[in-house]
Amino acid sequence: GPYLDYHYSDRLNALKLPGVTFREAYFVPTFSKHQGKTCAGVQIHITDRRRYQPIPTAVAMLVEAKKYAAFEWRKDSWDTQRPYWIDKLSGSPRLRTMIDDGKSANDVVAAWADEVATFEATRRKYLLYR
């Protein structure tokens, strides 16, 4: 977003997330929300695909982005029941509300631990290859 800066990649790299590093990146969108504005972000470089954890990494990226004062969750004007895009993408408002409440990325991911364990146990019996 236009509110991010090079510190965003510094903050993410300081987390020492497994199997990934971040490099600052800039671009100017030609359409949509920030059309014509210079936006900062990061390039994600996977350094070890066996250690890389995409979901915890994405949560950490959201937690760090939320620390910027101008950060806003994207909303739909037409959907009054579930106006936030992140709620649609994640399946519930839990991710957004936990981040809004100041929870760490580890806290957010840990909140799913029981559900993930149940899913993994159910999934295991359907795997064709071990």
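The values are calculated or read from the model by the stated rules, or taken from the named source; none is laboratory data. Just so it is clear, the model here is predicted, and its values are computed rather than measured. Cβ atoms come from the backbone with ideal geometry, glycine included; neighbour counts cover every protein chain shown. Remember, those area values only see protein heavy atoms, side chains included, never the ligands or the DNA or RNA. Shrake-Rupley method; radii C 1.70, N 1.55, O 1.52, S 1.80 Å.
Data overview
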quantity	calculated
Members of the range 13-65 found to be open to solvent by 70 Å² or more (accessible area, probe 1.4 Å) and charged (D, E, K, R), listed by number	Lys16, Arg23, Glu24, Lys33, Lys37, Arg49, Arg50, Arg51
Residue among Arg82, Arg94 that alone is free of Cβ contacts under 8 Å to residues at least 12 places away in the same chain and in the same structural domain as Ala113 (by the TED database)	Arg82
Qualifying residue in the range 53-75 (condition: more than 19 Å from Arg23 (Cα to Cα), touching a strand residue (DSSP E or B) at 6+ places or on another chain (Cβ under 8 Å) and free of Cβ contacts under 8 Å to residues at least 12 places away in the same chain)	yes
Residue pairs meeting the criteria (Cβ under 8 Å; at least 6 apart or on separate chains; first free of Cβ contacts under 8 Å to residues at least 60 places away in the same chain and hydrophobic (A, V, I, L, M, F, W, C), in the range 29-42; second in a strand (DSSP E or B) and open to solvent by 60 Å² or more (accessible area, probe 1.4 Å))	Cys39/Tyr26; Cys39/Phe27; Ala40/Glu24; Ala40/Tyr26; Val42/Arg23; Val42/Glu24
